[in-house]
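Where a number appears in this text, it was derived from the coordinates with a stated rule and is not lab data. Source: prediction; values computed, not measured. Cβ placement follows ideal geometry from the backbone for every residue including glycine, while neighbour counts extend to all protein chains displayed.
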């Protein structure tokens, strides 16, 4: 190395080392004093970005836990009131059975009716005062106008009417000669309450006097056996006997009329075998389905109309006004297999309903059945009329992202059919009708002059309505209970997620004090060493003076 004055390389090296040592020491002091490994973006740019994203997840997760706590408290508030309503329903059941006591006078029965009316009033009052943060929990929710709407839960959608086929070789032919000595005629009756489910092909087999019907009913392969009675004789004249072969599991019954000549008889075994021989198959035509459920989520009161579209025969559109804006949504309905349920979801409006088809129905058939319905009081076909109410779908974010939420639907358990106590659940509204209505068969019309049978019929109807209402309230309490359990598990999971996220973020952003104190000690020593070496380096040019002497 050359001996020079102007450039002291050793001093420059020492200066650099001292500067680095001071920077490292300052960084260690900053990290130890703040507790953070990353105090500015320059400390770790990538780590800062990752840690801030994690902090966003942590904040969202922690707030979601608080949201779910509010949701749990809301459900507990609703469940407490439902418990009180359930207790009143149990008392109503006791009173309705007590009213069936024939030893009571008319005035005593009227006292029972008065208590039942008071309990009905209190059920509505309890529902009306059940609120959480200003949200009505048991009286809220838009409801379908069951009088005027063309679409309500429980309605039948008939694509092809139910009828017994009269094709030759089937049991649909009205008259058959059965056996050698008897002429038998029969008629086939279908239970109207099961007419949506009966269409199909059913086969018959016999064994002695046992006649068995087999087929698929309500999605299940079933069979039922009935006994065919003998057709006895009369020695003096022809004799006609009648018997009913009731396949009640299928909702189908035969009325079998058998006429025997004088002194002639016929056994049940011969009749059963003859039925199978003459027509071993019963064909019931028809394509039907039920609207099994209608769900509303934040739907404003008004009239919404279903109609066909030019897009295709299997497309259904719904038109209506949302927040003052005319809105139309068009969806395609798929072919619904036999004994399958399809959900029709008009998400833009918050209207959903389920259709269960007992036989296969095409999308086009469903569209036609829906758009031509005129069951309501209005003249418009395919109308969905929503009564007054407020938002019944409460959503609670259950995670750090906005698409993670849990929906809780509030209820309307009031028992009235109109006005401030108008309900939504048919079970509760029927109960109110049985107690307060003045129409025949209800308690509200009874007086001291009514017969015992009239009283007992009314109390019997009220007891049945109470049973249905109890089942409804129990189901809703079970739903709320399962939701509370679900919220508990979700909350526990979110707390664990938050803990793990904070642990991960800590590994990125927090100071490791053990490592950093070692760096601090090293930095202090390096600073002292660099200072000493800089002093030595600055003295090195003095050797040039000795050369100049």
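Observations, loosely collected:
- Rounded to 10°, Cα long-axis angle of helix 106-129 versus longest principal axis of the chain: 30
- Three-way shape call for the range 20-81 based on the alpha-carbon gyration tensor, with the a/c threshold at 1.5: prolate
- Listed values (1) 48.2; (2) 24.3; (3) 37.2, entry calculated as mean projected area of the Cα convex hull in nm²: (1)
- Highest mean first, the peptides 237-248, 536-547, 5-16, 262-273 sorted by other C-beta atoms within 10 Å per residue fall in the order 262-273, 237-248, 5-16, 536-547.
- The long axis of helix 268-278 is offset from the longest Cα principal axis of the chain by roughly 70 degrees.
- Helical contribution to [θ] at 222 nm, DSSP H n ≥ 4, -39,500 (n - 2.57), averaged over the chain, rounded to 500: -14500 deg cm²/dmol
- Going from the fewest other Cβ atoms within 10 Å to the most, the residues 68, 443 appear in the order 68, 443.
- The separation of the range 16-74 from the range 256-284, counted between C-alpha centres, amounts to 90 Å.
- Cα-projected label distance for residue 41 with residue 540, points at 7 Å along beta-carbon direction, nm: 4.1
- Of the peptides 208-216, 366-374, the order by per-residue mean of other Cβ atoms within 10 Å, starting with the highest, comes out as 366-374, 208-216.
- Here the calculated FRET efficiency for residue 338 and residue 313, from their Cβ-Cβ distance with R0 = 35 Å, stands at 0.95, rounded to the nearest 0.05.
- Cβ-based exposure ranking for 132, 459, in which fewest neighbours within 10 Å come first: 132, 459
- Taking other Cβ atoms within 10 Å as a rough exposure proxy, 357, 504 sort from fewest to most as 504, 357.
- Ordering 119-126, 153-160 by mean Cβ neighbour count within 10 Å, with the highest value first, yields 119-126, 153-160.
- Looking at the chain alone, DSSP beta bridges between its own residues are antiparallel in about 100 percent of cases.
- Against the chain, whose longest principal axis is taken from its Cα atoms, helix 9-34 shows a tilt of about 40°.
- Calculated P(r) tail over 26 Å for the range 1-128, as whole % of Cα pairs: 66
- The calculated FRET efficiency for the pair residue 221 and residue 6, based on their C-beta separation and a Förster distance of 60 Å, comes to about 0.05.
- The range 477-549 and the range 319-374 have their alpha-carbon centroids 61 Å apart.
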